[in-house]
Amino acid sequence: MKRKPVIFVSKCLEQEACRYDGSMISNAFVKTLVEYVDFITVCPEKEIGLPVPREALRIVHHLDEDRLMFSKSGKDVSHDMVEFANAFLNPLVSKGIHGAILKGRSPSCGIKGVKSYQNFGKSPPTGTMTAGFFGKVFTEKFQGLAIEDEGRLRNYNIREHFLTRIFTMASFDIVKEEKTMKSLIDFHSDNKYLLMAYHQKNQKMLGKIVANHEKKDIDKVINEYEEGLQKALATPMRRTTNINMLFHLLGYFKEKIAKEEKAYFLDLLEQYSTKKVPFSLPLSLIGAWVVRFDEPYLKRQTIFKPYPRGILEVTDSGKGID
């Protein structure tokens with residue numbers, strides 16, 4: 001049974017006209033997610049009592065300290081923002097979310113790449129980049145989660161990686177609720193080739209946790225596995241690990257397919273290795289063989305559908321389509 005991921009989204013992204021200038025940011029990816037994901041949204045600046053529209057905020061770096069201030073008047077709202085961030089986010093830590101999309105470069109929600117200034121008023125940037133006040137607290141409390149800003153998610157590969165992470169972690173919630181070794185074993189088995197595509201070493205490490213040779217308590221095993229799973233999914237798939245995984249899948253069919261089919265597949269792999277075709281092409285061919293030869297174990301593998309198919313279109317900022 002699939003679970004809807006729960007993700008945090010900055011409220012100005014397709015949710016409400018709450019930016020400092022009274023606008024809302026149109027975002028096609030966030031709009032697409034509505035059908036597949038449950039949102040938790042907030043505008044931190046509104047929540048600390050700032051009106052819409054309002055004077056823009058900026059981060060001022062002074063005396064080795066960052067302060068969140070109004071860009072013209074210099075009013076300092078640092079304490080209010082940090083206090084709100086902790087009060088709002090602490091309950092979410094225990095409730096559990098699977099990822100976040102925050103407004104990029106925002107002095108409140110930005111997770112990195114936010115300009116800092118020498119002072120308020122007509123003052124130049126310091127030349128260094130930092131995190132927004134709310135975004136910094138968010139990333140500190142939710143280490144290991146898929147957290148992105150909307151700008152980076154214009155990249156196809158980053159979107160695909162983000163979706164894989166949030167849907168995989170949402171599926172793991174079932175294991176956490178059932179608290180049985182069978183549920184954990186089934187989850188690990190179904191995700192074997194997805195995890196192998198990320199890194200075979202991590203896949204084997206998670207397998208050792210599942211084996212539980214030390215006969216640990218089920219809660220401890222599940223906690224260890226969750227932590228290992230987050231680490232395993234943290235770094236995007238690489239071409240070399242994908243090819244390794246595809247060769248493992250080929251092993252199921254090398255005695256069943258014709259010599260010409262195998263040669264065609266190997267040629268696809270060569271083209272993929274030299275960035276001439278996308279990863280989806282050799283993977284789809286394997287998927288067709290799974291159906292053709294009715295491989296029940298492979299039919300359960302999440303590598304063929306790590307997230308709903310309708311959620312992602314092959315559009316991109318122009319960078320990074322695999």
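Could you tell me which of rounded, prolate or oblate describes the range 160-204, using a ≥ b ≥ c as the square roots of the eigenvalues of the alpha-carbon gyration tensor, with rounded for a/c under 1.5 and, failing that, prolate when a/b is larger than b/c and oblate otherwise?
Judged from the Cα gyration tensor, the range 160-204 comes out oblate (a/c at least 1.5, b/c at or above a/b).
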Accessible-area value, E148, 1.4 Å probe, nucleic acids and ligands omitted, Å²: 20
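In nm², what is the average projected area of the convex hull enclosing the Cα atoms of the range 154-230?
Working: hull surface 20.1 nm².
Result: a mean projected hull area of 5.0 nm².
When the convex hull of the C-alpha atoms of the range 219-290 is computed, what volume per residue in Å³ does it have?
Measuring per residue, one finds 106 Å³ for the Cα hull of the range 219-290.
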Quick one: of K179/K299; K182/K299; K2/K275, which pairs are farther than 27 Å apart, Cα to Cα? K2/K275
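Under the definition of Cα pairs under 8 Å and six or more residues apart, what whole-number percent is the relative contact order of the chain? Present the calculation step by step, with values, prior to reporting the outcome.
Details: 477 pairs, mean separation 48.6, N = 322.
Rounded, it is 15 percent for the chain.
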In Å³ and rounded to a whole number, note down the convex hull volume per residue for the Cα atoms of the range 112-193. 128
What are the extents of the Cα atoms of the range 164-302 along their three principal axes, listed from largest to smallest and rounded to whole Å? 51, 30, 25
Between the range 152-224 and the range 71-104, how many Å separate their Cα centres? 29
Summing Lys, Arg as +1 and Asp, Glu as -1, what charge do residues with Cβ under 10 Å from the Cβ of V60 carry, V60 excluded? -1
What do you get for the angle between helix 239-250 and the principal long axis of the chain? Use alpha-carbon atoms, 0 to 90 degrees, nearest ten. 30
Rounding to the nearest 10 and keeping the result within 0 to 90°, find how far the Cα-based axis of helix 280-292 lies from the longest principal axis of the chain. 40
List the relative contact order of the range 19-151 as a percent without decimals, with contacts defined as Cα pairs under 8 Å and 6+ residues apart. 23
Kindly count the pairs of lysines across the range 191-264 whose alpha carbons are less than 14 Å apart, treating pairs on different chains or eight or more residues apart as eligible. 8
Let me check I have the definition right: for the chain, take the eigenvalues of the Cα gyration tensor, multiply each by 5, take square roots. What are those semi-axes in whole Å, largest first? 42, 23, 17
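Sequence gap at least 6, Cα distance under 8 Å: using those rules, report the relative contact order of the range 99-139 to the nearest whole percent. Before the final figure, lay out each step's value.
On the way: 78 pairs, mean separation 16.0, N = 41.
Taking the mean separation of contacting Cα pairs over the length of the range 99-139, I get 39 percent.
How do F247, F39 stack up against each other in accessible area, from largest to smallest, with a 1.4 angstrom probe? Intermediate values should be presented prior to the final figure.
Numbers: F247 105, F39 55 Å².
Largest accessible area first, the residues go F247, F39.
How large is the charge dipole for the range 94-203, taken about the Cα centre, if only the Cβ atoms of Lys, Arg (+1) and Asp, Glu (-1) carry charge, to the nearest 20 debye?
Working: 17 positive and 10 negative charges, 96 e Å.
Using Cβ point charges on Lys, Arg, Asp and Glu, the range 94-203 gives about 460 debye.
Name the shape class, rounded, prolate or oblate, that the alpha-carbon gyration tensor gives for the range 191-244, where a ≥ b ≥ c are the square roots of its eigenvalues, rounded holds for a/c under 1.5, and otherwise prolate holds if a/b is larger than b/c and oblate otherwise.
Values: a/c = 3.66, a/b = 2.15, b/c = 1.70.
Taking the square roots of the gyration eigenvalues as a ≥ b ≥ c, the range 191-244 is prolate.
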For the chain, the longest principal axis of the Cα atoms and the Cα long axis of helix 156-178 enclose an angle in degrees, to the nearest 10, of 80
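Given charges of +1 on the Cβ of Lys and Arg and -1 on the Cβ of Asp and Glu, with all other atoms neutral, how large is the dipole of the chain about its Cα centre, in debye to the nearest 20?
Details: 49 positive and 40 negative charges, 122 e Å.
I would put it at about 580 debye.
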In Å, the Kirkwood estimate of hydrodynamic radius for the range 28-155 over Cα pairs equals 15.4
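How large is the charge dipole for the range 192-322, taken about the Cα centre, if only the Cβ atoms of Lys, Arg (+1) and Asp, Glu (-1) carry charge, to the nearest 20 debye?
Working: 22 positive and 16 negative charges, 43 e Å.
Roughly 200 debye for the range 192-322.
Given the rule -39500 (n - 2.57) for each run of at least 4 DSSP H residues, summed and divided by the residues of the chain, what is its mean residue ellipticity at 222 nm, to the nearest 500 deg cm²/dmol?
Working: 13 runs with 150 residues, N = 322.
That comes out to -14500 deg cm²/dmol.
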Sequence of E261, E178 from largest to smallest accessible area, 1.4 Å probe: E178, E261
Can you tell which of H161, V114, T139 lies farthest toward the positive end of the dipole of the range 96-165, using +1 and -1 charges on the Cβ of basic and acidic side chains (Lys, Arg; Asp, Glu)? V114
Quick one: grab the alpha carbon gyration tensor of the range 47-92, order the square roots of its eigenvalues as a ≥ b ≥ c, and give me rounded if a/c is under 1.5, else prolate or oblate depending on whether a/b is larger than b/c. oblate
In the chain, which cysteines lack any other cysteine Cβ under 4.7 Å from their own? C12, C109
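The values are calculated or read from the model by the stated rules, or taken from the named source; none is laboratory data. Worth saying up front: this structure is predicted, and the values here are computed from it rather than measured. When we count neighbours, we look across all protein chains shown, and the Cβ atoms used for this are built from the backbone with ideal geometry, even at glycine. These area figures cover heavy atoms from the full protein model, side chains too; ligands, DNA and RNA do not enter into them. Shrake-Rupley method; radii C 1.70, N 1.55, O 1.52, S 1.80 Å.
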